[in-house]
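Coordinate-derived values only; no laboratory data. What you are looking at is a predicted structure, and each value in this text was computed from that prediction instead of being measured. As a convention, Cβ positions derive from the backbone with ideal geometry for all residues, glycine included, and neighbour counts pool all protein chains shown.
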C-alpha cells in the first residue's frame, strides 16, 4: 500500500504542469474627452494544480487614493475571484502602470469579467525568464545642488539654475522579462517590468496610456495576434520620461514606447522556454512607521518662504523692459547701447554717458533676475509645502501604515511588489543583492504615495517625493529586509 501511494504521488508530481490564460478589457471612459489610445485591464490567470493566482495590470494612475479607481477596487476584485474562481485573495496581484488615462468607474466589473475569460482559456504553458535593456527613454528627475540639497524636475515649477546643479540621480535600464509559450511554441503572454513615469502624453493632448501602451502594442504585433503583453511598473518614483521639460518638440510617448517595445522584443527572442511544474506566490503585510515630522518640515518651509519674500527688491524694470535689455546686452558685448565708434568718441571727449547707463542697466537687470530666481524658488517651495500640509492633515493621530508585499515566482522569473512609488535606488539596491532574474514593482495592491529612500526623505531641499510621502525614513530598512526575505523564500 505504501509503495502504491508513492507511485501515485510520483505520477501526480510528474504530470503537474503550469497552465495560463490571458484576457483583456477596454476600461476607457470615452465620455471624458478625446481618446488617443484605449486603457486596458489585462488579466493573466495561473494554475499549477496546487496554487492559483491572478496577475492583473491596469492602465491607470493608481489603485485608490488618487485618480479614477476607488479604494475599494482591490477588495472587490479579490472577493469575487475567491468566490467565483477559488483564487485566494492574497494571490491576486494588481499593478497600476501609473499612466494618467481616464478610466471607467466600473473598472472593477470589467476586471472581473476579464478574469473569468482568462480562467476559461487556461492552457499548459512553458516559461522562460530574461532581461532586456533600454536606457534612452528615461531620466532621473532628482538633482543634487551645490548647497547639498536636492530638488526635482516637475512641470509644476521651474528648474533651478544650471550652474547650481552638480549631479543627477541614476536610472535603471533593466527590462525584466517573462515569456509564456503554449506547447506548440506560440507565445501566449509576455510580462515586462520597467521603471519610468508614463506621463509624457501625446501631441494632441488626448487621453493615452502613454509609453507602456505603445510598447505593448509593438510587442503584441510582432509576436502574433494571440499574445498579450503585460507591463509591470517598476521603481519609477523619481524617474521621468526623457526630456520631460522640452518646450521645442511636442510631447509624444509613442517613440519612447516603440524603443522600449523593440528592446524587449530583442531580448524576448533570445529566451528559451521550458516546462514549469509549479509556481510560488507570497503575500506578507508590513506595518510601516508614518511620518512624524510634518510640523517641523512645514515650519521650516514657511520660514524659508518668509525669507525669500523679504529678499525681493524693487527695480525700475518690468518684464517688457527687462526682456528687451536682455537681448540687447546679450548681443552687444562691450558696446550694447550703440556702435563702438560712439563709445570711442565719448571716451576721447572725456565723457562716458553710455558706459554709465550700461552699468546702471546691468545692475537693474541683475536685481530683476534675482527676483525671478526667487519667484521660481517660491513656486517649488509653495507646491511642496501644500503636499506636506495635505498629508499632515490626513495623517493626524495615526502612527503606522499597513501595506502588502507580494512575491511571485514563475520558472526563473521572480517579482516582489509594493504599493508605494518606490524610487529607483531602492530597486537597484535590492537587485544588486540577488542572483538571477529578480525584479521589483511599485504601484501594486494599493497606493501609498511616494516612498523615497531614507536619505531622500531627510532631504533639506524638499523634492516632491520627499513631501508627497506618508512614511518616516525608517520605512526603507523595514521594507528592504522583508523584500529580501520574500525574494529568497521564492527560491531561485
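Quick notes on this structure:
- From the largest down, the chain spans 120, 51, 45 angstrom on the principal axes of its Cα atoms.
- Mean-position separation - Cα centroids, the stretch 148-170 and the stretch 406-452, in angstrom: 26
- Ordering of 384-393, 173-182 by burial proxy (mean other Cβ atoms within 10 Å per residue, highest first): 173-182, 384-393
- As a calculated quantity, the FRET efficiency between residue 168 and residue 337 at R0 = 51 Å, using C-beta atoms, amounts to about 0.80.
- Angle between the chain longest axis and helix 2-15 axis [Cα atoms, degrees, rounded to 10]: 40
- Across the stretch 383-446, Cα-Cα distances exceeding 13 Å account for 72% of all pairs.
- Helical content of the chain, expressed as a calculated mean residue ellipticity at 222 nm, amounts to -12500 deg cm²/dmol (DSSP H runs of 4 or more residues, -39,500 (n - 2.57) each, divided by residue number, nearest 500).
- On Cα atoms only, tilt of 73-85 relative to the major axis of the chain in degrees: 10
- Its Cα gyration tensor gives the stretch 427-492 an equivalent ellipsoid. The semi-axes, each the square root of 5 times an eigenvalue, are 25, 13, 10 Å from largest down.
- Counting only Cα atoms, the stretch 53-186 measures 60, 37, 23 Å along its principal axes, largest extent leading.
- 0 to 90° range, to nearest 10: angle between helix 294-311 axis and the chain longest Cα axis: 20
- Altogether, the Stokes-Einstein calculation at 37 °C and 0.692 mPa s, with the Kirkwood radius of the stretch 295-384 over Cα pairs as Rh, returns a diffusion coefficient of 211 µm²/s.
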